[in-house]
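Accompanying notes for the structure given below.
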Protein chains: 2
Amino acid sequence: MEKVGIVGVGMHRFGKFPNLTLTEMGVEACVQALRDSGLDKRRIGACVVGNVGGGMVPGQKVLAELGLAGIPLINVENACASAGTALHVAWSFVASGRYEAALALGLEQMSRTIEGTIPLGGDSLELQMGMMMPGKFALVARKHMELYRTSLQQLAAVSVKNHRHGALNPLAQYRKEFTVEEVLSSPLIADPLTLLQCSPTGDGAAAVVLCSAREAARASQPIVWIEASVLTSGTYEVGPRDMTSYDQTRRAAAAAYEAAGCGPEEIDVVEVHDGFTISEIIHSEDLGFFPKGEGGPAAESGATAIGGRIPINPSGGLLARGHPIGATGLAQIAELVWQLRGQAGSRQVDGAKVGLAHCMGGLVQGLDAAACTVHILKC
Amino acid sequence: MEKVGIVGVGMHRFGKFPNLTLTEMGVEACVQALRDSGLDKRRIGACVVGNVGGGMVPGQKVLAELGLAGIPLINVENACASAGTALHVAWSFVASGRYEAALALGLEQMSRTIEGTIPLGGDSLELQMGMMMPGKFALVARKHMELYRTSLQQLAAVSVKNHRHGALNPLAQYRKEFTVEEVLSSPLIADPLTLLQCSPTGDGAAAVVLCSAREAARASQPIVWIEASVLTSGTYEVGPRDMTSYDQTRRAAAAAYEAAGCGPEEIDVVEVHDGFTISEIIHSEDLGFFPKGEGGPAAESGATAIGGRIPINPSGGLLARGHPIGATGLAQIAELVWQLRGQAGSRQVDGAKVGLAHCMGGLVQGLDAAACTVHILKC
């Protein structure tokens, strides 16, 4: 398989933009990514688009505006992991030798098209009984608290840190800092999760230009190599189970570390799927950065902040940068690329050379997380 | 790139099944395809699912029922070309050497989930003015009649033939024969297209097991090789243009013939995207089976019927086998595989060794057909 590098990234700021179209945000992200790469757009051989609620063939509209209509285009959907999945497919197209360069785009407009109508989490019995995402992760948080003595303050520390990071990110949906007390006293959504512990809905887009080593020689930016691209789906059924760990994350991480020939100790910077504060704690454990049950104390200690031992979500994560679901996975990649190139400005993780992005989504018929992607990048 | 073979196909009959679930139809098609292949289901390394209107992560539900949850799964959407696109992605996964075997599934349930709500054709100005698919293809038919003297009888001949073929297909939605007079006197939908010249909405599923040459050695059926798998998107804009030819079809066909090292004269059996009678005529020209303008006389002469020079849509095509949009492209593949194996029963095309499937879909912002796939198969 061919080595695949990322040579351009772009983002339309996350936020609420009901007066824009989905296409306008997608075009903005792609134009930036193409400009960043320095490649002629005609070098792009295929395009893969992640989106959930944008209706039929959302990618084609962007391609037409870019003047790239005609090339192979695939719209993919894997709930909140749609953009990570788009990158995986685009990566496989270049890795296979079929295309020299490809464009991966994630886009979503929840403020206009989805909010209130998206069948969040599908049709499982649990969901029919009213267990939407916040309710589910509230139970997960309670169980984690019971098993590992994770505290409310530790949960809140994740939100405080990610909002502090987000305040440094001009592309973040929220750029305001909060204290632990403010997080804990924000409106209760599903006990123990308060408003500031739940990722917001939003709009936005992110795009990545990836290519072979041959093509990368034409690029204007330092090449960030994709050392591993792994996609898994969820396995377990409704019923008794360990709610405080995700086997699709553990399997994806194991496969990614094996492909990249490294372990969690060699990762310098991480973007994980912090749909809720408890999610970041669990993922930081499942990805091997901390032993099980030590994610909470680690967050509280500052180990996961910029400047800490293993900075997690320097972008602000889903909690502060935002979570337009079909765009999130590629916004994570854009952040890692900026970090690894040393272009992250005031939120730069010093000396970051290896990054990991983790994206997951979808609750369906007892399958916890329908899809999960893990990418390891190196500069 | 690895050579890729098809070793198993399966279908849930097309029709109107509002009392089934989308998942049930998908599972039925997959179980048949896996059984047909003789492979242990645990050999399947990845799954790609084509669907348009089934909501979030429709494929994951099928995978769970099959006992295959956990493997990489990608839901793809490219309007009426969704299933052809799913095959293209699955093919590229195996061709790249990444997976030894993959499952491609297309499924749709228009009777319950889409009918009346699907934004057919997107949001172009033309469509906002009321130009749905039948209206558009009616204009195309009128232009073809004006340019090439294509007659109403020639248009009707396509429907008569495809319904005759469909009557021989136990999996077809409609199994009733009609005369030219009956076709022309059926209710007018958009002049000159009558009801029996428009493909119906419907429900159904089709699945294909594909694998590397190594893996194919374990299969229980003769291997049908994928000699070419090509995906294109549409290019042209609203405004003056030749409505009687599709450049995405011509580009896809040219690339497929080049990849397969053959021309249209070497194709023995064809499945094309006959959304309307005029579509089949145009596609039979764009794919190189007839010079421009001779598709109509060819249909009337019997050249495209089973037993004719180049049999088109022996399954009954979209007109009679039916068109549950996310499933159609893989139903075409199932038909070709049965034909090339000599298992097509009373609708068998004698001595068929090379088949071509053409699938296209989506009208969006002036882009005629958002996606088009052409596959060439050989036994």
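For chain A, what does the relative contact order come out to in percent, with C-alpha contacts under 8 Å and a separation of six or more?
That works out to 27 percent.
Which one of B:Gly38, B:Gly53, B:Gly329 has the biggest mean-square fluctuation once chain B is modelled by GNM with Cα springs under 10 Å? Comparing B:Gly38, B:Gly53, B:Gly329 in a Gaussian network model of chain B, the most mobile one is B:Gly38. If the reach is capped at under 25 angstrom between alpha carbons, list the lysines near A:Lys61, excluding any in the same chain fewer than eight residues apart. Of all the lysines, those that pass the test against A:Lys61 - Cα under 25 Å, at least 8 places apart if same chain - are A:Lys16, A:Lys41, B:Lys136.
Note on chain B: with charges restricted to the Cβ of Lys and Arg (+1) and Asp and Glu (-1), its dipole about the Cα centre is near 800 debye. Taking chain B as a Gaussian network of alpha-carbon nodes connected by springs under 10 Å, the highest mean-square fluctuation of the residues B:Val158, B:Val57, B:Val89 belongs to B:Val57. Computed over chain A, the per-residue total of -39500 (n - 2.57) for DSSP H runs of n ≥ 4 gives a 222 nm mean residue ellipticity of -10500 deg cm²/dmol, rounded to 500.
Here is the list for segment B:197-243: trypsin sites (Lys or Arg not before Pro) lying in DSSP coil, each with at most 12 other C-beta atoms within 10 angstrom of its C-beta, are B:Arg241. The fraction of all Cα pairs in segment A:274-339 landing in successive 5 Å bins from 0 to the largest distance is 4, 18, 26, 28, 17, 8, 1, given as whole percents.
Each other copy places its own label point for B:Glu266 at 4.6 nm from this one, sorted shortest first, where the point lies 7 Å along the Cα-to-beta carbon line. Which lysines does B:Lys292 reach when only Cα atoms under 17 Å apart count, and residues fewer than 8 places away in its own chain are ignored? Within reach: B:Lys143.
Since only A:Asn19, A:Val374, A:Val269 are under comparison, the one whose Cα sits farthest along the positive direction of the charge dipole of chain A, derived from C-beta charges on Lys, Arg, Asp and Glu, is A:Asn19.
Rg then Dmax, both in Å and based on the Cα atoms of chain B: 19.0, 56. Computed over neighbours whose Cβ is under 14 Å from that of B:Asp274, the net charge equals -2, Lys and Arg +1, Asp and Glu -1. The residue among A:Leu171, B:Gly97, B:Ala303 whose Cα reaches farthest toward the positive pole of the charge dipole of the protein assembly as shown, with charges on the beta-carbon of Lys, Arg, Asp and Glu, is B:Gly97. Once backbone amide H atoms are built at 1.01 Å from N, B:Ala228 has B:Ile376 as its partners under 5 Å, excluding neighbours fewer than 5 places away on the same chain.
Between B:Lys353 and A:Ser301, the simple spin-label model (points 7 angstrom out along Cα→Cβ) gives 7.0 nm.
Distant-in-sequence amide contacts of B:Gly70, defined by a placed amide H-H separation under 5 Å and a gap of 5 or more residues or a different chain, comprise A:Ser233, A:Gly234. Distances from B:Arg42 to itself in the other copies, using label points 7 Å out along the Cα-Cβ axis, amount to 5.2 nm in increasing order.
Using a 10 Å cut-off around each Cβ, can you sort B:Ile223, B:Ile281 from fewest to most neighbouring Cβ atoms? Before the final figure, lay out each step's value.
Working: B:Ile223 20, B:Ile281 32.
Listed from fewest to most nearby Cβ atoms, that is B:Ile223, B:Ile281.
Peptide A:144-150 is shielded by partner chain Cβ atoms: per residue, an average of 0 of them sit within 10 Å of its Cβ. Positive-end ranking of B:Gly10, B:Pro192, B:Ala138 along the dipole of chain B, with charges on Cβ about the Cα centre, is headed by B:Gly10. Summarising the label geometry, the points placed 7 Å from Cα in the beta-carbon direction at B:Gln343 and B:Lys3 lie 2.0 nm from one another.
From least to most packed, judged by other beta carbons within 10 angstrom and beginning with the fewest, B:Met129, A:Met56, B:Met243, A:Met132 follow the order B:Met129, A:Met132, B:Met243, A:Met56.
Compute the Cα gyration tensor for segment B:304-366, then decide on rounded, prolate or oblate, letting a ≥ b ≥ c be the square roots of its eigenvalues: rounded whenever a/c is under 1.5, prolate when a/b is larger than b/c in the other cases, and oblate in all that remain. Prolate is the answer for segment B:304-366, as a/c is 1.5 or above and a/b outweighs b/c.
As a proxy for reagent exposure, A:Lys176, B:Lys378, B:Lys161 were ordered by neighbouring Cβ count within 10 angstrom, fewest first; the result is A:Lys176, B:Lys378, B:Lys161. Give the distance, in whole Å, between the Cα centre of segment B:289-350 and the Cα centre of segment B:35-112. Answer, in whole Å: 24. Projecting 7 Å from Cα along the Cα-to-Cβ direction, the label point of B:Thr179 sits 9.0 nm from its equivalents in the other copies, listed shortest first.
Rounded is the label for segment A:239-355. Its Cα gyration tensor axes, ordered a ≥ b ≥ c, give a/c under 1.5. Averaging over all projection directions, the Cα-based convex hull of segment A:49-118 occupies 4.9 nm² in the image plane. Annotation: aspartates and glutamates with alpha-carbon distance below 16 angstrom to A:Lys3 (same-chain offsets under eight excluded): A:Glu100, A:Glu215, A:Glu227, A:Glu258.
Calculate, in whole percent, how much of the Cα-Cα pair population of the protein assembly as shown lies beyond 40 Å.
31
Closest approach of any chain A Cβ to the axis that rotates A onto B belongs to A:Ser96, 1, distance given in whole Å.
Of the Cα atoms belonging to segment A:147-244, the radius of gyration and Dmax stand at 19.6, 54 Å.
Every read-out reported here was derived from the displayed coordinates using simple, explicitly stated rules and does not represent laboratory data. These numbers were taken from a predicted model, which means no experiment stands behind them. Backbone-built Cβ (ideal geometry, glycine too); neighbour counts: all protein chains shown.
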